[in-house]
Amino acid sequence: MSFPTTSEGPSEEAAAAWESTRERHARITWSLIAEPSDAVAMLACAVLGPVDALELARHGSGPDLLRALGGQLPTQASDPGAGNPPARAARALARWRARLTPHGLDEALADAERRGLRIITPLDSEWPRALDDLQESRPHCLWVQGPGRLDQLVSGRSAALVGSRASTPYGEDTAGSFAAAFAASGGTVVSGGAYGIDAAAHRGALATDAGATIAVLAGGLDRLYPRGNTELLERIRERHLLLSETPPGTAPTRWRFLARNRLIAALSQASIVVEASWRSGALSTARLADQLSRPVGAVPGPVTSAASAGCHRLIRERGAVLITEPADLLDLLPGGPAAGEGSRAVQDELDLLRPSDRRVLDAVPPRSTITPARLADEIGFTADEVDSALARLGLLGLVERTSQRVRRAAPSS
């Protein structure tokens, strides 16, 4: 590429546009050559900038990379050479260069245009600033497909509903109903498009015309996975949004699923684990959300259900908020429930009575009348104590006094 010039030399606007294009192309190239879990690549881009980091990846040496990063590389449990930074630097360069091809970027851009994919980078207005909370693990770019605008979908109410693939009817029904209620309130349901709880959450959100849902996939958007959810993912793509940080042609793998979970956590204002076994991968989403200072909730299940053991573990060991209804989810979000959105579990007004008032009310026959004097005799109160209690119960609409007798008020319809 040549530098844009005018008759008087390059303008500031042209120079800025040129630098922006270089950075955009560098970020897309990094998504082509580095895994989402490649902490060395992410650190190199954070320290050097994606353009200079890519130049070093093309032409630099292991010692060059090590010096540029201050002599230390981020530790990764999966790296067998974690204690040997020079060797790790050399391996990083080798794996990046193995994927660098002369026309890789041009082919990727053409393929994205042919498939109707958008590529969003931190330079674009559609980039959601919530992802910046990931800091050095922020994705290089995002590949998205669908009519929804990502920044708008997650700038209002957004919540992750996640859980096990091996779900129970109880978990699926809960995820679907919670997602439908949240979407009906105008919220965006974020999940991973997988079998089980993820799919139930997406379906619940799609069941309403309000709100939206985002499926964050671990592989390229050219191969919708799992195949059994293809129809569901196509509906999400038609109405809302699919996204991935990996380019087309990338197969979903275990480590990409785990890396994908940090995006689900970051794009959501709160994360709810609906149903998860003791070692479910959904628990990593909760852990990552907690690291990002996002609220975490968990839905309880039967104490005998192994499918909910992970949820109970979150509540017991990680301090997750107990979630039993959609209103609990709304309470976790900034600002809480909107006006008029209350809990469906209405507290029994009888629980608010004083013990003395409750004792008087219990002594009033359910289907006949009684005199205050008789009430006082039966419960051992004075006449004044009974009169005061009846007055308070009358204000609450629980009893009615006619002449010299008292009866229970008829229940309101």
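Before moving on, here are some points about what is shown:
- Selection of the stretch 181-205 for residues being farther than 15 Å from Val162 by Cα and either under 13 Å from the mean Cα position of the chain (by Cα) or not in a helix (DSSP H, G or I) (or both) yields Ser185, Gly186, Gly187.
- Residue check, Gly211 in contact with a Ser or Thr (Cβ under 8 Å, 6 or more places away or on another chain), at pLDDT 95 or above and more than 30 Å from Ala34 (Cβ to Cβ): no
- Per the conditions (1) under 30 Å from Trp278 (Cα atoms); (2) open to solvent by 30 Å² or more (accessible area, probe 1.4 Å), the sole criterion not satisfied by Phe178 is (2).
- Leu123 meets each of the listed conditions (1) in a helix (DSSP H, G or I); (2) among the hydrophobic types (A, V, I, L, M, F, W, C); (3) exposed (fewer than 15 other Cβ atoms within 10 Å of the Cβ) apart from (1).
- Among residues that are open to solvent by 10 Å² or more (accessible area, probe 1.4 Å) and modelled with pLDDT under 95, Ser167 is included.
- Restricting attention to the stretch 149-162, the residues being open to solvent by less than 10 Å² (accessible area, probe 1.4 Å) and at pLDDT below 95 number 0.
- Any chance Ser368 is in contact with an Asp or Glu (Cβ under 9 Å, 6 or more places away or on another chain) and not in a strand (DSSP E or B): no
- Of all residues assigned to the stretch 240-259, at least one qualifies as being under 16 Å from Ser164 (Cα atoms) and either touching a helix residue (DSSP H, G or I) at 6+ places or on another chain (Cβ under 9 Å) or touching a residue at least 12 places away in the same chain (Cβ under 8 Å) (or both).
- For the condition within 18 Å of Glu35 (Cα to Cα) and either among the hydrophobic types (A, V, I, L, M, F, W, C) or surrounded by 13 or more Cβ atoms within 10 Å (Cβ to Cβ) (or both), Leu100 qualifies.
- Counting only residues that are touching a residue at least 24 places away in the same chain (Cβ under 8 Å), surrounded by fewer than 23 Cβ atoms within 10 Å (Cβ to Cβ) and not aliphatic (A, V, I, L, M), the stretch 310-324 holds 3 of them.
- Per the listing Thr230, Thr250, Thr208, Thr285, the residue uniquely polar (S, T, N, Q), within 24 Å of Pro169 (Cα to Cα) and in a loop (DSSP other than H, G, I, E, B) is Thr208.
- Members of the stretch 125-180 that are within 25 Å of Pro36 (Cβ to Cβ), within 16 Å of the chain's Cα centre (by Cα) and among the hydrophobic types (A, V, I, L, M, F, W, C): Ala130, Leu131, Leu134, Leu150, Leu153, Val154, Ala159, Ala160, Leu161, Val162
- The stretch 236-263, residues that are modelled with pLDDT of 95 or more and surrounded by fewer than 15 Cβ atoms within 10 Å (Cβ to Cβ): Glu238
- The stretch 127-147, subset assigned to a helix (DSSP H, G or I), in contact (Cβ under 8 Å) with a residue 12 or more places away in the chain and of a type outside the set (A, V, I, L, M), residue most open to solvent (accessible area, probe 1.4 Å): Gln135
- Among the residues listed as Ser61, Ser31, Ser37, the single one being exposed (fewer than 15 other Cβ atoms within 10 Å of the Cβ), in contact (Cβ under 8 Å) with a residue 12 or more places away in the chain and of a type outside the set (A, V, I, L, M): Ser61
The values are calculated or read from the model by the stated rules, or taken from the named source; none is laboratory data. Since the model is a prediction, treat every value here as computed from it, not as a measurement. When we count neighbours, we look across all protein chains shown, and the Cβ atoms used for this are built from the backbone with ideal geometry, even at glycine. Surface accessibility is based on the protein's heavy atoms, side chains included, excluding ligands, DNA and RNA. Shrake-Rupley method; radii C 1.70, N 1.55, O 1.52, S 1.80 Å.
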